[in-house]
Amino acid sequence: MKNNGDCCRGDCGGANAAKNEGRGAGADILRIAAAALLFGLSFFPGLSAAVSETMLICAAFLTVFDSAYKALSSLFLKSVNEDTLLVIAVIAAFAIGEYREAAAVAILYKTGELLEDYAADRSRRSITALSEIRPDKANIRDGEAFRAVRAETVKIGDEIVVLPHERVALDGVVMSGSSYLDASALTGESLPLEAAAGTDVLSGMINGEGTLFVRTTRLMKDSASSRIISMVEDASERKGNAHRIITRIAKYYTPAVVFLAVALAVVPPLIIGGWREWIYKGLVLLVASCPCALVLSVPMSFFAGMGAAAKCGILVKGGLFVEKAAEATAVIFDKTGTLTTEKLKVSAVRSYNGFSEAEVIKFAASAEQNSKHPAAAAITEMAKLFEIETYFGENFHEYAGKGTRVLARGKEVLCGSRRFMAESGINVPDDGASVFISVDGVPAGSVEIDSETKQGAAQLVERLRLMGIKRIAMLTGDGEKHAARTAAECGISEYYSELLPEGKLEVMKRIKEEEKAVIYVGDGINDAPVLAFADVGAAVGLGSQAARETADIVLTGGISRLADALSMFRRVMKTVRFNIFFILAVKLAIMALGAAGKAPIWAAVFADVGVLLITMILSVGILFRTRGSKSR
């Protein structure tokens, strides 16, 4: 059945905006490439000085003209930004005849700016990746049949049909049918959710083997998957208002030195005369104050740190996140897929009525060996691990979302949920287990299913504490018992369980208010809002596309790389702070001597070029100092 107009889903504006951004980025790349080509050609032997200098002037103009416009606009608004800093750096470099330095400053700075803009674009496009959890269509019931319609047209109270392996399109309550649901996209819970009449279901959950008939309780725009997308948009926008470190420096440094240079060149001559002498002193001060070293060494420290991190399996999307991660006082972990693996395991076995634990596993594995349920795989795997032979199960029956029934050695074996046992007339103890086993109507035992804790998770938590991280917590959609077990195995005392994405975001807001900077580590679609809201969001491994796109850091080398990343970022920030202190100390000293007439123009050139070279060497040195961590 065709649905006309499906292409008009309200995201056309976003698509057009993305196209416009793409065209703007393409023009920037062409300008930078042309400038780099001119810069390279200026070294060609045989060129006259005039031709070479003209090439360098054109290279600088190609990359800096848009910044000049922004700098002029900011001055009219009585504010100073990094564009103002760049323009003054280029003008001062030309003033002392350093044409190549002026062009290099412009090209390198604009290249770094382009890379950061690209990272921001990728983060914004995370909304597109998140759309995978929100189905476009729903099967609305029409008498004994059903028809596919656009999900946004379904009203509250309509009955929709969720077929096997489909995503639930809208929030609602199950009217009939039984199955199990994969809710990991919303809660991170690895265990399937049993679904039967009366069960609340949320948009974005994946149906198992059975067919469900659901009465909708919310419109598409208010359903769980839509709320997740909205939360990511809001959180990303909040974090996008942070200022870069160079902007903060430029705000005070640039207007101060320009004002001093002009005042030194103009005010004394008006009082005591000697225009030539004071203009020379003002020029020395202006050249000495040239912010080339700041413009280049600070971003270069970040770029070197991010390059070194990439070699170690740590991808960073911008210098801002290096700075924030280095300041972190709290690290918050997701549970499933982050501290634990996706693989389920049997965490506890209990036996009743004279059965042994080995017999419980034997009967459970006999009943589950033909099932495709994730919990069944964990039970049969345990039987193999302990070399427990299973019985051949005859007359195998699986009841979607409930359990299985077989004949084993002439005995009727049931294996499934508490509800399945109750419906079969078997009263089992309330011991909080996931799966129960009965033999000929007698409760034989129960099995608890949980996800495996990752190797090295406990060591990582301990290492973070030794590094001075004061607060370590865990957020999860899992139940209290599973959350407590994983937290204990990892050495985490603060944890929050049974949280939907909204709940995780609320907890993160409270923690963020109490801490200087917070890192959140997750890997699933359900983590996207919290990853976006945290000061630094870190996605583990290849995870979900939504998590990777929304995160500020991607730990492709695994969760253990988090401590390496923090150590590396702290080293980067030490280098940045030292470079800033060293640059300002030397420049202020030469500026003071120049104002007193004690520093010639060559000393001002050293304060510019010499300091630039020293700090650039220190910045690039980060690449070499971090190589040793690659193999750790």
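The values are calculated or read from the model by the stated rules, or taken from the named source; none is laboratory data. Just so it is clear, the model here is predicted, and its values are computed rather than measured. With ideal geometry, Cβ positions are generated from the backbone for all residues, glycine too; neighbour counts draw on all protein chains shown.
When restricted to residues that are assigned to a helix (DSSP H, G or I) and under 16 Å from the mean Cα position of the chain (by Cα), the range 300-325 contains 10.
Within the range 257-278, residues that are without any contact (Cβ under 8 Å) to a residue 40 or more places away in the chain have Cβ atoms under 7 Å from residues that are outside any helix (DSSP H, G or I) in these pairs: Ala261/Ser289, counting only partners at least 6 apart in sequence or on another chain.
When Lys372 is tested against (1) assigned to a strand (DSSP E or B); (2) out of contact with any helix residue (DSSP H, G or I) (no Cβ under 9 Å at 6 or more places or on another chain); (3) of a type in the set (Lys, Arg), exactly one condition is not met: (1).
Here Glu513 meets each of (1) in contact with a strand residue (DSSP E or B) (Cβ under 9 Å, 6 or more places away or on another chain); (2) surrounded by fewer than 19 Cβ atoms within 10 Å (Cβ to Cβ) with one exception, condition (1). Applying the criterion of being small (Gly, Ala, Ser) and surrounded by fewer than 16 Cβ atoms within 10 Å (Cβ to Cβ) to the residues of the range 422-467, the residue that is farthest from the chain's Cα centre (by Cα) is Gly441.
Filter the strands (runs of 3 or more DSSP E) completely within the range 136-229 down to those with at least 2 residues that are buried (at least 16 other Cβ atoms within 10 Å of the Cβ) and at pLDDT 90 or above.
Working: elements: 137-142, 145-150, 159-162, 172-176, 179-182, 193-195, 212-216.
By residue number, 137-142, 145-150, 159-162, 172-176, 212-216.
When we screen Val447, Val461 for residues that are free of Cβ contacts under 8 Å to residues at least 40 places away in the same chain and either outside the structural domain of Lys512 (by TED's automatic domain parsing) or not in a strand (DSSP E or B) (or both), the only hit is Val461.
Just to be sure before I move on: is Ala95 in contact with a Leu (Cβ under 9 Å, 6 or more places away or on another chain), of a type outside the set (S, T, N, Q), farther than 23 Å from Met55 by Cα and at pLDDT below 75 in the structure I sent? Break it down into steps so the answer makes sense when it comes.
On the way: in contact with a Leu (Cβ under 9 Å, 6 or more places away or on another chain): yes; of a type outside the set (S, T, N, Q): yes; farther than 23 Å from Met55 by Cα: no; at pLDDT below 75: yes.
When the stated conditions are applied, Ala95 does not pass them.
Could you check how many residues of the range 468-483 are modelled with pLDDT under 90 and surrounded by fewer than 21 Cβ atoms within 10 Å (Cβ to Cβ)? Working first, answer last.
Of the residues in the range 468-483, the ones modelled with pLDDT under 90 are 476-483.
Within this subset, residues satisfying the condition of being surrounded by fewer than 21 Cβ atoms within 10 Å (Cβ to Cβ) are 479-481.
Within the range 468-483, residues that are modelled with pLDDT under 90 and surrounded by fewer than 21 Cβ atoms within 10 Å (Cβ to Cβ) number 3.
Each row is one residue, and each column tells you yes or no for (1) touching an Asp or Glu at 6+ places or on another chain (Cβ under 9 Å); (2) among the polar types (S, T, N, Q).
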residue	(1), (2)
Val316	yes, no
Lys324	yes, no
Ala330	yes, no
Phe333	no, no
Ser351	yes, yes
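Has the range 316-329 got at least one residue that is assigned by TED's automatic domain parsing to the domain that holds Asp527 and polar (S, T, N, Q)? Yes, the range 316-329 contains at least one residue that is assigned by TED's automatic domain parsing to the domain that holds Asp527 and polar (S, T, N, Q). Every listed requirement among (1) in the same structural domain as Glu53 (by TED's automatic domain parsing); (2) within 34 Å of the chain's Cα centre (by Cα); (3) modelled with pLDDT under 75; (4) over 30 Å from Leu613 (Cβ atoms) is met by Tyr69 save one, (3). In the set (1) at pLDDT 80 or above; (2) in contact with a strand residue (DSSP E or B) (Cβ under 9 Å, 6 or more places away or on another chain); (3) not in a loop (DSSP other than H, G, I, E, B), Ala328 fails one condition alone, (3).
From the list Thr84, Thr54, the lone residue that is modelled with pLDDT under 90, of a type in the set (Val, Ile, Thr) and surrounded by 15 or more Cβ atoms within 10 Å (Cβ to Cβ) is Thr84.
Quickly run through the range 331-354 and pick out the residues that are crowded, with 24+ Cβ neighbours inside 10 Å, part of a strand (DSSP E or B) and hydrophobic (A, V, I, L, M, F, W, C). Give the steps one after another, and end with the answer.
Our first condition is that a residue be crowded, with 24+ Cβ neighbours inside 10 Å; within the range 331-354, this holds for 331-340.
Keeping just the survivors that are part of a strand (DSSP E or B) gives 331-334, 336, 340.
Of everything in the range 331-354, those that are crowded, with 24+ Cβ neighbours inside 10 Å, part of a strand (DSSP E or B) and hydrophobic (A, V, I, L, M, F, W, C) turn out to be Val331, Ile332, Phe333.
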